[in-house]
Amino acid sequence: MGDDFAIDSRNAHLPTTFIGVKKVFLIILIMITACGSEELIETVDENVLHQSFETENGSETLKNLYEKNNQPMVVNLWATWCTPCLEEMPYFETAHREHGEEIQFIGINISDSPTRAKKRAEELHISYLLGNDPDGSFTKSLKVIGLPVTAFFNSEGKLSTIYQGPISEENLNLSIMELLDV
């Protein structure tokens with residue numbers, strides 16, 4: 001009788017290998033992070049503007065960038081291994097070309113070598129400011145869970161919205177119009 005209730009993992013289609021378990025975990029992770037939504041800002045570290053990230057010209061902060069231009073900022077966190085990140089980067093490039101005089105666009109790579117990130121950005125013809133977060137302090141200050149993440153800073157330099165997950169071209173444009181008070 002006990003044999004009738006025994007489950008053979010091969011017949012029940014349960015993953016029994018490390019690779020099978022890894023695939024199931026990856027699918028669940030993608031499903032969780034791919035659902036874009038705006039996040040409440042109350043959970044963000046107040047020092048996000050002061051956290052440094054690296055650019056080709058050295059260390060930079062959002063506060064310094066804001067003080068140079070006094071413009072709203074759109075900050076996108078991405079990685080070369082993140083397919084939704086790579087899919088949405090052309091939206092940011094188009095928006096940058098259209099609104100670059102009024103809004104500063106910044107892409108911060110969170111996990112790749114600067115060389116690899118630069119190569120991928122060149123392949124995508126990205127012309128907005130790019131940086132990386134080598135020690136993770138910038139990413140931690142936004143309390144990021146998964147990628148991609150887009151943070152919008154208003155004309156006063158204050159964080160107004162965080163979009164967790166892939167952002168559509170339509171939602172990006174709507175958020176930009178809000179930043180421009182259009």
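Every number in this text was worked out from the coordinates using simple rules, so none of it is lab data. This structure is a prediction, so every number in the text was calculated from the model and none was measured. No Cβ is skipped: glycine too gets one built from the backbone with ideal geometry, and neighbour counts run over all protein chains shown.
Of all residues in region 116-126, none satisfies being within 22 Å of Leu159 (Cα to Cα), touching a helix residue (DSSP H, G or I) at 6+ places or on another chain (Cβ under 7 Å) and in contact (Cβ under 8 Å) with a residue 24 or more places away in the chain.
If the condition is being of a type in the set (A, V, I, L, M, F, W, C) and assigned to a loop (DSSP other than H, G, I, E, B), then region 149-182 contributes Ile167, Leu180, Val182.
So, in region 154-174, how many residues would count as being among the polar types (S, T, N, Q), closer than 18 Å to Gln104 by Cβ and crowded, with 19+ Cβ neighbours inside 10 Å?
The qualifying residues number 0.
Within region 148-182, the set of residues being in contact with a Ser or Thr (Cβ under 7 Å, 6 or more places away or on another chain) and under 23 Å from Leu86 (Cβ atoms) comprises Phe152, Thr161, Tyr163, Gln164, Gly165, Ile167, Ser175. Ala151 fulfils the conditions (1) within 14 Å of Val48 (Cα to Cα); (2) out of contact with any Asp or Glu (no Cβ under 9 Å at 6 or more places or on another chain); (3) of a type in the set (Gly, Ala, Ser); (4) surrounded by fewer than 21 Cβ atoms within 10 Å (Cβ to Cβ) except for a single criterion, (4). Counted as qualifying within region 57-125 are the strands (runs of 3 or more DSSP E) with 2 or more residues that are surrounded by fewer than 16 Cβ atoms within 10 Å (Cβ to Cβ) and over 16 Å from the mean Cα position of the chain (by Cα), namely 58-61.
Just one of the numbered conditions (1) closer than 13 Å to Met73 by Cβ; (2) touching a residue at least 60 places away in the same chain (Cβ under 8 Å) is not true of Asp133: (1).
Taking the criterion of being touching a strand residue (DSSP E or B) at 6+ places or on another chain (Cβ under 8 Å) and either loosely packed, with under 13 Cβ neighbours inside 10 Å or assigned to a loop (DSSP other than H, G, I, E, B) (or both), the residues of region 126-148 that qualify are Ile126, Tyr128, Asp133, Pro134, Leu142, Val144, Ile145, Gly146, Leu147, Pro148.
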